[in-house]
Amino acid sequence: MLSKRKWVLAFLLVFTFIAMDKLEENDALSTNYASTLLAPQKPTEMYQKVREWITPNEEVVTVSGPLLENPVLEYSTIQPYSEGAVLSLSASQEIGASENGLIIFTGYKKKTGKTISILYDNGETVTYGFVEDFFQLPYTSVSAGEIFASVKRDILYVQVEKDGEVLDTTEIVDWLALNYEE
């Protein structure tokens, strides 16, 4: 059984809505809250109206990583290393995706230090090692030109796996020319 206080509160609430409705009908109040809430409506319409009252200005926030204007990877020399190649860089650089893909690994490896691997939509898996910072988390999709890491050292490890085969140094040079040249 409800307590006396709850009955009084319920009665006051109903009386308030009835009084607001009568005042709105006589144009004594310029609001239309009571008539909107008391009128028969579909639940979705009611939800939309209540949502508009609660959050009248919804601000859309776009979430995206920065894009490279010129996705060029500048290096001076290339040397074979482990299953890939090490590029000699003249300055720190940001690394951007050559096309759409999915980051499948970010972490530390014994031979390549901080490492990030991307599986591109064309089936190629590219691993970059000796990176300084990651800008994306694992299992995050990247778009062509989107920056996902930076290199602040003078070297960058690159390994490209295409059709189940790891490319050798000369094939990596061709791959870099195809994917990172203007």
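Give me D for the range 94-145 in µm² s⁻¹, whole number, from Stokes-Einstein with Rh from the Kirkwood sum over alpha-carbon pairs, 4 °C and 1.567 mPa s.
On the way: Rh = 11.0 Å.
Calculated translational D: 118 µm²/s.
Got a sec? What order do Phe17, Phe135, Phe130 fall in by accessible area at 1.4 Å, biggest, i.e. largest, first? Show your work: numbers first, answer last.
Values: Phe17 65, Phe135 95, Phe130 30 Å².
The ranking, largest first, comes out as Phe135, Phe17, Phe130.
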Quiz item: Carbon and sulfur atoms: what percent of the 1.4 Å accessible area of the range 78-182 do they account for?
Solution: 48 percent
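The values are calculated or read from the model by the stated rules, or taken from the named source; none is laboratory data. What you see is a predicted model; the values in this text were computed from it and never measured. Note: accessible area is taken over every heavy atom of the protein model, side chains too, but ligands, DNA and RNA are not part of it. Shrake-Rupley method; radii C 1.70, N 1.55, O 1.52, S 1.80 Å.
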